[in-house]
1. Would you call Ala162 outside any helix (DSSP H, G or I) and at pLDDT below 75?
2. When you go through Ala87, Ala44 one by one, which is the residue that is touching a helix residue (DSSP H, G or I) at 6+ places or on another chain (Cβ under 7 Å), assigned to a helix (DSSP H, G or I) and at pLDDT 80 or above?
3. Give the residue that is most open to solvent (accessible area, probe 1.4 Å), with candidates limited to residues of region 47-74 that are without any contact (Cβ under 8 Å) to a residue 12 or more places away in the chain and outside any helix (DSSP H, G or I).
4. Exactly one condition in (1) more than 30 Å from Trp152 (Cα to Cα); (2) open to solvent by 50 Å² or more (accessible area, probe 1.4 Å); (3) within 22 Å of the chain's Cα centre (by Cα); (4) of a type in the set (A, V, I, L, M) is false for Leu89; which is it?
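The values are calculated or read from the model by the stated rules, or taken from the named source; none is laboratory data. From a predicted model like this one, the values you see are computed outputs, not experimental measurements. In this analysis, Cβ positions are derived from the backbone assuming ideal geometry, glycine residues included, and neighbour counts consider all displayed protein chains. Protein only, heavy atoms only, side chains kept; ligands, DNA and RNA dropped before computing areas. Shrake-Rupley method; radii C 1.70, N 1.55, O 1.52, S 1.80 Å.
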Amino acid sequence: MRDVAGVRVLTGGDRRYADAGPERDRAALTAVNALFGTAGGVSAFVSVFVVASTFALAVDRRRREFGLLRAAGATPGQVGRMVCGEALLVGVLGSAAGCALGGYAAPRLTAWVVDVELAPGWFTVGDAAWPYHAAFWTGLLVALCGAVAASWRAGRTSPLRALREASADGRAMTPGRWLWGGGLLLTAMVTLAAALLGDPGDLLHRKTYVSRPMLLIGAAALLAPLVVRPLTRLLTWLPARLPGAVG
């Protein structure tokens, strides 16, 4: 932007100031930031529970393997670090793949939000490198956070586990899952009921419709083992009654 003989010339991103309604662009940018910020926050939150559940299942299925390692002289710290190392490898590969996919999809997503008029016409993807660094290290941190509890449980595996059958492994619903899952579910139901009875309009606020689903997501992830077996029986009830190898 520069002044030439009393005439202001607007170039580049400053051209938006020539719009008769610059406040409209500011409101549009606020909406876009809220949209992408909410999506990123929910994605990171869900990813932690997905990774945590996956590693918890993997640790539970590998109890005998960890028991053999303990019987061979491995310390709890070594077993836990092995699980964290696996999470680190998965996180590096997943974050790198996400960055590559994001670099391909981001321009197309930007064009879409402009086409549907969610963002101003001048809105575009920049050439800064810091978003890739932020996404990569965030993905890595999410993977490690999801594997912390599983690595701790793996390190506590007794050497006697090596002598047990795989079908005799521990229960999926631990006291911690009962406590945290039940607490999150109760909190979500109480806050939802209070909002419905008091101020239903509060449910439409951005901070509200982001936080309350997170409570339900966390409760569902922690209490999922309760419904896995009944749901599996329900889904396989009809196929199991078919004759022959198909059944």
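1. Details: outside any helix (DSSP H, G or I): no; at pLDDT below 75: yes.
Spelling it out, it is not the case that Ala162 is outside any helix (DSSP H, G or I) and at pLDDT below 75.
2. Numbers: Ala44 fails: at pLDDT 80 or above.
None of the other options fit; the residue is Ala87.
3. Among those residues, the one meeting the criterion is Ala72.
4. (1)
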